[in-house]
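The values are calculated or read from the model by the stated rules, or taken from the named source; none is laboratory data. Computed from a prediction, not measured in an experiment: that's the story for all the values here. We place every Cβ from the backbone using ideal geometry, glycine too, and count neighbours over all the protein chains shown.
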Amino acid sequence: MTKGLASSRIRMRHLRCFLSVAHLGSVTRAAEAMGTVQPAVSRSLRELEEELGSPLFDRTAAGLVLNAAGNTLFSYVSGGIGQIDRGLEALQGQIADQRVVAYVLPNVVRVVMPGAVRRFKTLSPSVDLRFIATTGGGLQQYLRSGEVDFGFGRLLSAEHMQGMNFEHLYSEPLVFFVRAGHPLAGRQGLTIGDVDRYPVVIPIPGTIIRDELDRFLISQGLSRFSNMIETISFEFARSYLAMSEAVVCQPLGAMRRELEQAAAECLDVAGGAMDGAVGLTTPAGQTVSAPAQLLMQMIREEVRGLGLTDGSGIAKRL
């Protein structure tokens with residue numbers, strides 16, 4: 001396998017036939033998948049093995065199985081062919097028939113995604129976008145199953161990050177909000193006990209932000225709020241906030257518009273104790289499609305355009 005000129009006689013058809021047989025374990029099934037005939041695949045596979053000077057498969061009762069040499073070749077070729085295919089698709093404009101599916105949390109849907117999508121659609125108007133927007137958890141399952149291309153939101157807990165990569169874009173705190181004119185509005189030196197005198201709207205158990213809130217409450221000596229409403233609906237929380245004396249705990253971005261309009265105020269309770277990393281989560285060892293990579297880049301640009309980072313990844317406070 002050390003012939004210096006062997007690679008000059010190896011063509012893409014050899015490598016594609018090799019990968020197809022490796023995936024399917026059968027020359028016949030590989031031929032069907034490639035839209036060709038079995039003798040053509042067998043010939044390409046035989047030529048490849050002759051050029052490399054080594055068989056690549058063990059012939060077993062269950063079918064063709066990669067041997068040590070085959071596994072070595074597969075580890076290098078599989079990713080390379082995928083990269084070539086994606087490059088050709090991008091060059092030929094074939095990404096127009098593709099779709100990007102992203103798992104995004106409601107706070108970034110409201111703040112970052114509209115501008116990011118506008119940027120993306122300017123460049124790729126024919127690519128469909130689909131967002132799974134929820135605080136109910138399950139990002140790791142979506143990514144591992146291939147149902148979504150990437151996630152955008154708060155960093156998962158350590159036990160859920162196995163097999164995942166996270167790119168930190170900015171930091172965002174969980175904040176206690178009240179409507180303008182609320183009895184607690186504008187007061188300094190508030191404690192969690194002051195908040196507990198009012199109804200509190202909080203995320204449901206099992207969500208990333210609820211876990212962060214629970215840890216903070218325990219650190220403050222409070223096991224639970226006395227009067228609470230649990231919901232994953234940011235729209236309900238915002239509407240209820242406006243008509244009541246409730247305190248709402250949400251990520252800062254979820255209430256950015258209300259803060260800018262002076263319809264809501266942040267309470268000085270947690271300080272930086274509930275800051276969380278927000279960024280892009282992708283499955284480790286897998287290449288994201290060209291359209292998904294473009295959308296991720298547009299998210300990065302929108303984050304910078306909104307001034308959410310100062311260049312070191314630290315959030316700017318409103």
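Below are the figures for this structure:
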{"quantity": "The range 145-161, residues that are in a strand (DSSP E or B) and either hydrophobic (A, V, I, L, M, F, W, C) or under 12 Å from residue 100 (Cβ atoms) (or both)", "calculated": "150, 152"}
{"quantity": "Residue within the range 275-291 that is closer than 17 Å to residue 199 by Cβ, aliphatic (A, V, I, L, M), assigned to a loop (DSSP other than H, G, I, E, B) and touching a residue at least 24 places away in the same chain (Cβ under 8 Å) present", "calculated": "no"}
{"quantity": "Condition check for residue 96: surrounded by fewer than 17 Cβ atoms within 10 Å (Cβ to Cβ), under 27 Å from the mean Cα position of the chain (by Cα) and modelled with pLDDT under 80", "calculated": "yes"}
{"quantity": "Some residue of the range 40-61 being exposed (fewer than 12 other Cβ atoms within 10 Å of the Cβ), aliphatic (A, V, I, L, M) and at pLDDT below 85", "calculated": "yes"}
{"quantity": "Unique match (being in contact (Cβ under 8 Å) with a residue 24 or more places away in the chain and under 30 Å from residue 125 (Cα atoms)) among 272, 305", "calculated": "305"}
{"quantity": "In the range 243-282, residue surrounded by the most Cβ atoms within 10 Å (Cβ to Cβ) [restricted to those that are out of contact with any helix residue (DSSP H, G or I) (no Cβ under 8 Å at 6 or more places or on another chain) and among the small types (Gly, Ala, Ser)]", "calculated": "279"}
{"quantity": "Qualifying residues in the range 215-232 (those that are hydroxyl-bearing (Ser, Thr, Tyr) and touching a helix residue (DSSP H, G or I) at 6+ places or on another chain (Cβ under 9 Å)) - the one farthest from residue 269 (Cα to Cα)", "calculated": "231"}
{"quantity": "Subset of the range 166-190 (residues that are of a type in the set (Ser, Thr, Tyr) and surrounded by fewer than 14 Cβ atoms within 10 Å (Cβ to Cβ))", "calculated": "none"}
{"quantity": "Residues that are assigned to a loop (DSSP other than H, G, I, E, B) and at pLDDT below 90, drawn from the range 204-230", "calculated": "204, 205, 206, 207"}
{"quantity": "Inter-residue pairs, beta-carbon under 6 Å, first among the small types (Gly, Ala, Ser) and in the range 231-246, second assigned to a loop (DSSP other than H, G, I, E, B), 6+ apart", "calculated": "246/199"}
{"quantity": "Any hit, the range 232-240, residues being among the acidic types (Asp, Glu), more than 25 Å from residue 132 (Cα to Cα), assigned to a helix (DSSP H, G or I) and in the same structural domain as residue 267 (by TED's automatic domain parsing)", "calculated": "no"}
{"quantity": "Residues of the range 41-73 satisfying the condition of being of a type in the set (D, E, K, R) and in a helix (DSSP H, G or I)", "calculated": "43, 46, 47, 49, 50, 51"}
